[in-house]
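First up is the structure itself, then whatever we jot down about it.
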Amino acid sequence: MLGDSVAIVVNSPTDTTLRIADMLAQIIRPSTGFPVAIRRDSGRSTPGVIELRLSPIGADVGDEGYVLAVSSYNVLLAARTNAGLFHGIQTIRQLMPTQIESHIGVRPTLGWTIPPGIITDRPRYAWRGAMLDVARHFFTVNEVKQFIDILALYKLNTLHLHLSDDQGWRLEIKSRPRLATAGGVSAMGGGRGGFFTQDDYADLVRYAAERFITVIPEIEMPAHSYSMIVAYPELRCTTPTGGNPDATFGGICPDSVETYRVLDDVVREVAALTPGPYIHIGADEVSNLSPDKFARFVERAQDIVNRHGKRMIGWEEIFRAKLLPTTLTQLWRTDSARAALAQGSKLILSPAPKVYLDMKYTAGTELGLDWAALVDVRTAYDWDPATYLPGITDADIVGVEAPLWSETIRNITAAEYLAMPRLPAIAEVAWTPRTAQRWEDFRTRLAAHAPRWRLLGINYYASPQIPWN
Ligand code: TNX
C-alpha cells in the first residue's frame, strides 16, 4: 500500500536513473496527491518506498529485463540497464489501481495497493516496433509523441517513421530544401500537408530516446517517390529504363547521376540527425524496372547508407540485390524473405495478414484497408513468429514490427482507433515467450486496460472479441 510518505529511492544514481525515477513520480503524483520525493540511496532499506536499483542482478534479464519484488514492506525494482528499469516502471504502473492514470486527485476504494509478488521479466525479441506513415497523411510532432507514449506503455522499443512517399515528403533537408517546401505541401486526397523541421525531428528522436525507443527513419526509393520529383523534376526518367521497354519508370531515375547526388545529401543529413544505427530505404513495389536495374539501384543505396555510417533496412523486395549481412530485410508479403536470409540478412517480421494495423478489424470497420486480410484482435495475437514461415526460425528474426499506413487516417485519434487494441496484442507476441501466451488469458487482461486508455485519452476499437468490463 502506497501512503503519502511514499518516496522513490535510487541507488547509484545516474542522471538517466534519476530521470526515470522522476517519470514514475510524475505518474503517481497527480492522482494520489502524494508529494513523492526522490531520494538517493541512504544505504539501508527503508519501508514504504519504491526502490530503483541499477545493478548486475543475478537473474538473467538480458539488456531490457527487470526483477520486480513487491512486499508489504516496500517495492524493489532491479535491472542491469536503465531500459530495464523503464520497462519495469510500466509494469508497476499496470499493477497499480486503474485510477493511477487519472489527471485529477482520486481515492480508490481499496487504497493505492500493488499486489505482492516477484516478477522476473525479459523480452523474447530485441526488436519490438511499430511504424507510423506520416507521408500519406501528416502527423504533428505532438501527435507522434502521443503515439510514442503508447509504444512506451507496452514496452516497444522501435519507432519506424515512414517519412516520404508519393503523396508527401516530411523531413526538412537543408541541402535540398525543395524536398520539404515543395514536396511536403501535399497529402493523400488533398489533405493537410506538412513536414518536420530538423529541430522537430530531433525533438521526436529525443522524446523517443527518453522512453528507450529507437527511431528508424525511412526514405522511400526508387518508387513511392513522386514527392521527390515534385521537388526536383530532373530526377524523373525521361527514357525507358528496362523492364517494360515502352514504359518510363515513374519513380526517381536509377540511370541518373543526379539521383545519387540527391540521395547522398538526404542520407548524409538523415544519418547525422539519427542516433540509431539504421536507415530504411523502402524499395517496395517497384514496377517498370528490370530486376537487374532494381538490384543495382539497391546496392548503390546500400553503399550510400553504409558510407554515412548506418546499416540499411529495406522491404523484402531488396532480396534481388547483393545484400550485406548487416542489412535487415523487412518481411511484409512473405514470398521473398527467404532469399534475403540466404544472403545472411536477418528479418524483421511484419506479415500484413497478422500485424498491419491499417487493415480493417471487420468488413464493417469504417477506417482501414482490407487487401491483406481482416485483422481482428485475436488474429493479431494468435500467431508465432518462429513458426509463421516454414524454414524460418527464431535465430533468423530480430523481431516484430506493426506498420500503420495512413491512406485512410488523418489524425492521431483515427490512428489510435486502428492501433488499439491490436498494438498491445502484437507487443505481447514480441515480448512474451510463446509458452506463456494464452488468448483466453490475454483477452481478460486486455479488457482491464480500457479504463486506463479512457483516463489517458487514448481512442480504441471496442472489439467484441474482448470482454470489456
Ligand atoms: C503496401 S507494405 C505498401 C504500402 C501501403 C500498404 C497499405 C509496403 C511495403 N507497401 O505502400 O501503404 O500496402 O496497406
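The values are calculated or read from the model by the stated rules, or taken from the named source; none is laboratory data. Everything numeric here is computed off the predicted structure, so don't read it as measured data. A quick note on method: Cβ atoms are made from the backbone with ideal geometry, for glycine too, and the neighbour counts reach across all protein chains shown. Each accessible area value is taken on the protein alone, full model and side chains, heavy atoms only, with ligands, DNA and RNA left out. Shrake-Rupley method; radii C 1.70, N 1.55, O 1.52, S 1.80 Å.
Provide the per residue accessible area, probe 1.4 Å, for the chain, rounded to a whole number of square angstrom.
I get 38 Å² per residue for the chain.
Evaluate the charge dipole of segment 241-384 about its Cα centre and quote only its size in Debye, nearest 20, assuming +1 on the Cβ of each Lys and Arg and -1 on the Cβ of each Asp and Glu.
560 debye
Cα convex hull of segment 412-469: mean projected area in nm², to one decimal?
Averaging across all directions leaves 4.0 nm² for the Cα convex hull.
Give the separation of the Cα centroids, segment 93-112 to segment 260-308, in Å.
The two parts, judged by their Cα centres, are 48 Å apart.
Straight-line reach only, C-alpha to C-alpha below 16 angstrom: list the aspartates and glutamates that LYS346 could link to, leaving out same-chain residues fewer than 8 apart.
Cross-link targets: GLU316, GLU317, ASP335, ASP394, ASP396, GLU401.
What is the local net charge at VAL286, summed over the other residues whose Cβ is closer than 11 Å to its Cβ (Lys, Arg +1; Asp, Glu -1)?
Charge balance near VAL286 sits at -2.
Over segment 209-251, what lengths in whole Å, largest first, do the semi-axes of the equivalent ellipsoid take, defined as the square roots of 5 times the eigenvalues of the alpha-carbon gyration tensor?
Equivalent-ellipsoid dimensions as semi-axes: 33, 12, 5 Å.
Picking from PRO123, LEU95, ALA83, whose Cα lies most toward the positive end of the charge dipole for the chain (charges on Cβ: Lys, Arg +1; Asp, Glu -1)?
Positive-most Cα among the choices belongs to LEU95.
Between rounded, prolate and oblate, where does segment 154-201 land on the alpha carbon gyration tensor, with a ≥ b ≥ c its root eigenvalues, rounded for a/c under 1.5, else prolate if a/b exceeds b/c?
Oblate, since a/c reaches 1.5 and b/c is not below a/b.
Could you tally the net charge around GLU299, taking each other residue with its Cβ under 15 Å from the Cβ of GLU299, Lys/Arg +1 and Asp/Glu -1?
Result for the local shell: +2.
Based on the mean of other Cβ atoms within 10 Å per residue, sort peptides 265-272, 298-305 so the most packed one is first.
298-305, 265-272
Can you give the Kirkwood hydrodynamic radius for segment 127-446, in Å, rounded to one decimal and based on Cα pairs?
Kirkwood hydrodynamic radius for segment 127-446: 19.8 Å.
Quick check for me: using +1 on Lys/Arg Cβ and -1 on Asp/Glu Cβ, what's the dipole size of segment 127-446 about its Cα centre, in debye to the nearest 20?
Roughly 500 debye for segment 127-446.
Taking θ = phi - 60°, what integer Hz values does the Karplus form 6.51 cos²θ - 1.76 cosθ + 1.60 yield along segment 86-95, in sequence order, with x for Gly and Pro?
For segment 86-95, the Karplus curve yields 4, 5, x, 5, 5, 5, 4, 4, 5, 7 Hz.
Peptides 108-120, 53-65, 69-81: what's the order by average Cβ count within 10 Å, highest mean first?
69-81, 53-65, 108-120
In the chain, carbon and sulfur make up what percent of the accessible area (probe 1.4 Å)?
Roughly 53 percent of what the probe reaches on the chain is carbon or sulfur.
With labels modelled as points extended 7 Å from the Cα through the Cβ direction, what inter-label distance (nm, one decimal) is found for GLU407 paired with ALA386?
Distance between the two pseudo-spin positions: 3.5 nm.
Please report the antiparallel percentage of the DSSP beta bridges confined to the chain, to the nearest 5.
Values: 12 of 58 bridges.
Percentage antiparallel, nearest 5: 20.
Students often check this: by mean Cβ neighbours within 10 Å, which of 409-415, 278-284, 35-41 ranks highest, and how do the rest follow?
Per-residue mean Cβ counts within 10 Å order the peptides as 278-284, 409-415, 35-41.
Which whole-angstrom value gives the distance between the alpha carbon centres of segment 343-411 and segment 21-48?
Their Cα centres are 39 Å away from one another.
Please list, in chain and number order, the residues 5+ apart from LEU171 or on another chain whose amide H is under 5 Å from its amide H, with Hs placed from the backbone.
Here PHE196 satisfy the definition.
Based on Cβ point charges of +1 for Lys and Arg and -1 for Asp and Glu, what charge dipole magnitude is obtained for segment 7-121 about its Cα centre, in debye rounded to the nearest 20?
Values: 9 positive and 9 negative charges, 84 e Å.
For this selection, approximately 400 debye.
On the Cα set of segment 7-121, report Rg and Dmax in Å, please.
13.4, 40
Apply the Karplus curve 6.51 cos²θ - 1.76 cosθ + 1.60, θ = phi - 60°, to the phi angles in segment 348-363 and return the couplings in whole Hz, x for Gly and Pro.
9, 8, 9, x, 4, x, 10, 10, 6, 6, 8, 7, 5, 6, 9, 4
Spin-label point model (7 Å from Cα, Cβ direction): what's the THR46 to GLU258 distance in nm?
Modelled inter-label distance: 6.6 nm.
Using a 7 Å offset from Cα along Cα-Cβ at ASN11, what residues in segment 25-59 end up with backbone N under 19 Å from the label point?
38-59
Given N residues in segment 223-293, what is Rg(Cα) / (2.2 N^0.38 Å)?
It is 1.19.
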